[in-house]
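Report on the structure given below.
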Amino acid sequence: MMRTSNFKNVAKTLATRYCLKQCFKSHYLCQLKDLIYPVGVKKTRTTCFNTAMKKLLVNDLGWNELDDFIIICHRLVYDTIEYCRSAVYVIDLLHFNEQPIFAQVVFIIKIDQKWWLVMDLLNTIAYNEDLFAWEIKSIDHYSLIDP
């Protein structure tokens, strides 16, 4: 067991704890030998989707709009990567200046025995050098991603 007693450097302490937590989860999931591990699975009504999301599901997946319920989950562990609802991920880089393309997970849905991520692609506005962070904004442009 590794002990972290560095409370003067809070960022390092949190990063070390997060790293230890990820190692523990990865070791635990390898013992389960399950590559797809959903957490918080439930059925929900399709009224929680807006029209843009419904069009995306119909056009890309051939989803039947007459279905009243759809299966969603709160977290999905897929090949040692943990996807959470409302979390923001870097999905790609622009090639000319290596600016990241961010996306926020809106829903994790299951259609035809396969899990899909409904993601809101975010617009990267600027980089703040004082905070070492990107300023991003939602433009309500949705995309389906296969984890």
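The values are calculated or read from the model by the stated rules, or taken from the named source; none is laboratory data. Here the structure is a predicted model, which is why all the values come from computation and not from measurement. All Cβ positions, even for glycine, are placed from backbone atoms using ideal geometry, and neighbour counts span all protein chains on display.
A few remarks follow.
- Residue within the stretch 121-137 that is modelled with pLDDT of 85 or more, in a strand (DSSP E or B) and either touching a helix residue (DSSP H, G or I) at 6+ places or on another chain (Cβ under 7 Å) or of a type in the set (Lys, Arg) (or both) present: yes
- One residue from Gly62, Gly40 being of a type outside the set (Lys, Arg), at pLDDT 80 or above and on the phi > 0 side of the Ramachandran plot: Gly40
- Beta carbons closer than 9 Å, at least 6 apart along the sequence or on distinct chains, pair a first residue in the stretch 125-145 that is touching a residue at least 40 places away in the same chain (Cβ under 8 Å) with a second that is of a type in the set (Gly, Ala, Ser) for Asp140/Ala52; Tyr142/Ala52; Ser143/Ala103; Ile145/Ala103.
- Test: residue in the stretch 79-99 that is modelled with pLDDT under 85, under 16 Å from Leu144 (Cβ atoms) and in a strand (DSSP E or B): no
- Test: residue in the stretch 106-114 that is out of contact with any strand residue (DSSP E or B) (no Cβ under 6 Å at 6 or more places or on another chain) and outside any strand (DSSP E or B): yes
- Residue within the stretch 58-69 that is in a strand (DSSP E or B) and surrounded by 12 or more Cβ atoms within 10 Å (Cβ to Cβ) present: no
- Residues that are in contact (Cβ under 8 Å) with a residue 40 or more places away in the chain and more than 20 Å from Cys84 (Cβ to Cβ), drawn from the stretch 106-124: Asp112
- Between Asp92, Asp79, the distinction of being within 17 Å of the chain's Cα centre (by Cα) and free of Cβ contacts under 8 Å to residues at least 12 places away in the same chain belongs to Asp92 only.
- When we screen Phe102, Phe107, Phe96 for residues that are of a type in the set (Phe, Trp, Tyr) and loosely packed, with under 14 Cβ neighbours inside 10 Å, the only hit is Phe96.
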